[in-house]
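> My questions will all concern the structure given below.
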Amino acid sequence: MGRPQQLSGPTYGRSVAFTLAMDALLMAGSLWLVVQLANHSWNQQHTVAILWTIGLFLIASHFLGAHHSWRGSSPRREFIRLLWAWFIVTLALLFLAFSTNTTTEYSRRVFLSWFLLAPLFLVVWRGWLQIILGSLRKRGLYLNNVAIVGARELGTLLARTILDEPWMGLNPIGFYDDRKPSGERPLSHEPIEVIGNLDSLVKHAREGRLDIVYITLPMRAEARIQELLAKLSDTTVSVYMVPDFFMFDLLHASWGNVGDLPVVSISETPFYGVDGIIKRTEDIIISSLLLLIIAIPMIIIAVGVRLTSPGPVIFRQHRYGLRGNKIEVWKFRTMTVCENGSDVVQATTDDPRFTRFGAFLRRYSLDELPQLINVLHGTMSIVGPRPYAVAHNEQYRIQVSRFMLRHKVKPGITGLAQLRAWRGEISSLNQMEERVQYDLAYIQNWSLTLDIMIIFQTAVGAFFNKHI
């Protein structure tokens, strides 16, 4: 069997040029289509807009990596980069139109339709292209031969990932390692084997049998890695390091810099920069809308609390918020007591301290509604880890590993743990550990889509599931 076909440098360059040309053609074609459907005639302004669009799109897509090689990157990530590039272009075009006072020269209906239609064309075209390339790669065409250095857990994980995603066009020919696997022998059930040591790797690379080398040696093998890199520098293979960070339990890993030094975060909040602005905007818009919608029901609930039992309408309790700072969380009072000190007795399902009206509020989570004011104020978020009383927080931070990492983000009215029925009484330490795992999973995987999904399921479940 001959060597699989692969994309050489010039071929890859031509494929990128073809993609760019198709992108430009689709952007121009979608505008022409909109103009025709609107019964307008093509004029000089449309030509100017297309030329600016193509130039700006090339720049934006370059910086966002929307035209880089797709190998190893998921289609979803590529589509997101593509849409971000188009969003930046749209903003830039609007800015140019306003700054040159030419907005009246363009049909708003035409360009609004174009702004919506063009990215749809681009995504469909890119999706079709990836399907075609993925199909060709699954048939053994345009593959890159891959060598994995390190026959241990990380190397095995990389090999399984490559084998499970044949559309990437990577062909793992084997492991290279000076040391034989020991212990549980994680490679015993792998379809690829250890085919040589590091000297064999260098020999095969020089012979042109390899295209890509992934180094998965542990960080403590610094001397071996440096020696291998020095030898591979005499070849033309592409070399990648796969950091052994999975030995840490990463919270929100990302690369950054301190001056010119690259660093990687082990535990970090996802809400820096643009994501932080998106999250805060989401909280302000949703909390404001909900407060407008439920203002009258909240007044009715407040009157009900006041008439059914003596005491304040709003129960204020100190809890830990962002970065472990104390915040005051508001709830409609559901009990005959207002505990807010160093000794807080945890509420149970049939707690006798609940008032009859309070039990009803708690069953449907209506007692949480005043926390929308906390969200608007900025001390809480719509979605996030649920805050606990300070006394309980101090107890569990000692007993549960990584408990305080929940406070890398603002506490929320609802969260992923509540969606998985982890709400209310905590009868064992294992239950709290489960909640913390879901809270950390939310931080690790945060996205605006995830927030919307949690909000929707919470709203539905509040009336059909007593655990939500």
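> Which of the peptides 410-417, 21-28 is most tightly packed, and how do the rest follow, judged by the mean count of other Cβ atoms within 10 Å per residue?
Order by mean packing, descending: 410-417, 21-28.
> Which entries in the list Lys279/Lys326; Lys279/Lys410; Lys331/Lys410 go over 19 Å, if you measure between the two C-alpha atoms of each?
Working: Lys279/Lys326 21 Å; Lys279/Lys410 10 Å; Lys331/Lys410 17 Å.
Check vs 19 Å cut-off fails for Lys279/Lys326.
> Would you kindly state how much longer the chain becomes between Leu33 and Val337 on full extension, computed as 0.36 nm times their sequence separation minus their alpha carbon distance, in nm to one decimal?
The Leu33-Val337 span can extend by a further 102.7 nm.
> Then there's this: Highest mean first, how do 362-374, 45-57, 378-390, 446-458 rank when packing is the count of other Cβ atoms within 10 Å averaged over residues?
378-390, 362-374, 45-57, 446-458
> Given labels modelled 7 Å from the Cα in the Cβ direction, how far is it in nm from Glu193 to Gln444?
3.5
> So if each residue of separation counts as 0.36 nm, and I subtract the Cα-Cα distance between Gln44 and Met453, what length gain in nm does that give? Please list the in-between numbers first.
Numbers: separation 409, 0.36 × 409 = 147.24 nm, distance 4.50 nm.
The span from Gln44 to Met453 would gain 142.7 nm if fully extended.
> Mind computing the radius of gyration and Dmax over the alpha-carbon atoms of the stretch 378-443? Å is fine for both.
For the stretch 378-443, the Cα-based Rg and Dmax read 10.8, 32 Å.
> Determine how many Å³ per residue the convex hull of the Cα atoms of the stretch 144-247 encloses.
Measuring per residue, one finds 96 Å³ for the Cα hull of the stretch 144-247.
> Next up: Multiplying the sequence separation of Gln431 and Ile373 by 0.36 nm and subtracting their Cα-Cα distance, what value in nm do you get? Intermediate results must be reported in sequence, preceding the final value.
Values: separation 58, 0.36 × 58 = 20.88 nm, distance 2.92 nm.
Length gained between Gln431 and Ile373: 18.0 nm.
> On to the next question. Once the convex hull of the alpha carbons of the stretch 274-464 is built, what does its volume come to per residue, in cubic angstrom?
Values: hull volume 21.9 nm³, N = 191.
Convex hull of Cα atoms, per residue: 115 Å³.
Taken together, the values in this text are just the output of simple stated rules run on the coordinates, not laboratory data. All figures in this text were calculated on a predicted structure; none of them were measured in a lab. Cβ: placed from backbone, ideal geometry, glycine included. Neighbour counts: every protein chain shown.
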